[in-house]
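The values are calculated or read from the model by the stated rules, or taken from the named source; none is laboratory data. Predicted, not measured: the structure shown is a model, and the values here were computed from it. Cβ placement follows ideal geometry from the backbone for every residue including glycine, while neighbour counts extend to all protein chains displayed. Calculation scope for accessible area: heavy atoms of the full protein, side chains included, ligands and nucleic acids excluded. Shrake-Rupley method; radii C 1.70, N 1.55, O 1.52, S 1.80 Å.
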Amino acid sequence: MPLNLPVPWATPRRLELDDAGVRFLNGTRLTKSLEWNRVERIEYGPMEWHRKKRTSPPGLWGGTAYIRFIARTDLESIRVTGFDYQVKLDEIERVIHAIAETTRLHSVPVEKKDCLY
C-alpha cells in the first residue's frame, strides 16, 4: 500500500504486508518491521477532531483514517495516520480485507475504532 506524501519532492513511503510480517519503508530504507508473531492486534478506523478543539476549517481533514499494528511494546508498534500520509478509510479497509487470511492464520484480532483527536 503506497503512502505518498502530497509534496512532490518527498520520498515515497510504503507499508508492505506479507506472510512474514509488516514493514514500513521510507523510499528503499526499512524504517520499521514487525513479524506477525509479535503483532497483538490491529486497529483501524476514521480519525476525527474533538468538536470543541477544532483548529482547522470543518471538512479539511474529512475522510482521513489510521491503521495501527500494535505489538507487545510501543516501540515496536507501527502506526500510519491519514493526517501524515493522506490515507483514506476505504484504502485501509481494502488492506484489512486483503490480509484477512494472514491475520486469521496468526490469530491477530482486527478491530475497527473511531480515533478522536
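Give segment 104-117 a look and list any residue that's modelled with pLDDT of 85 or more and open to solvent by 20 Å² or more (accessible area, probe 1.4 Å), or say none. Walk me through it before giving the result.
Here is the first cut: in segment 104-117, the ones modelled with pLDDT of 85 or more are 104-113.
Within segment 104-117, ARG104, LEU105, HIS106, SER107, PRO109, VAL110, GLU111, LYS112, LYS113 meet the criteria.
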With the first residue restricted to segment 16-36 and required to be in contact (Cβ under 8 Å) with a residue 12 or more places away in the chain, and the second required to be assigned to a loop (DSSP other than H, G, I, E, B) and open to solvent by less than 60 Å² (accessible area, probe 1.4 Å), Cβ contacts under 6 Å at 6 or more apart or on different chains are LEU17/ILE99; LEU34/GLU76
Test result for GLU101, open to solvent by 40 Å² or more (accessible area, probe 1.4 Å) and modelled with pLDDT of 85 or more
yes
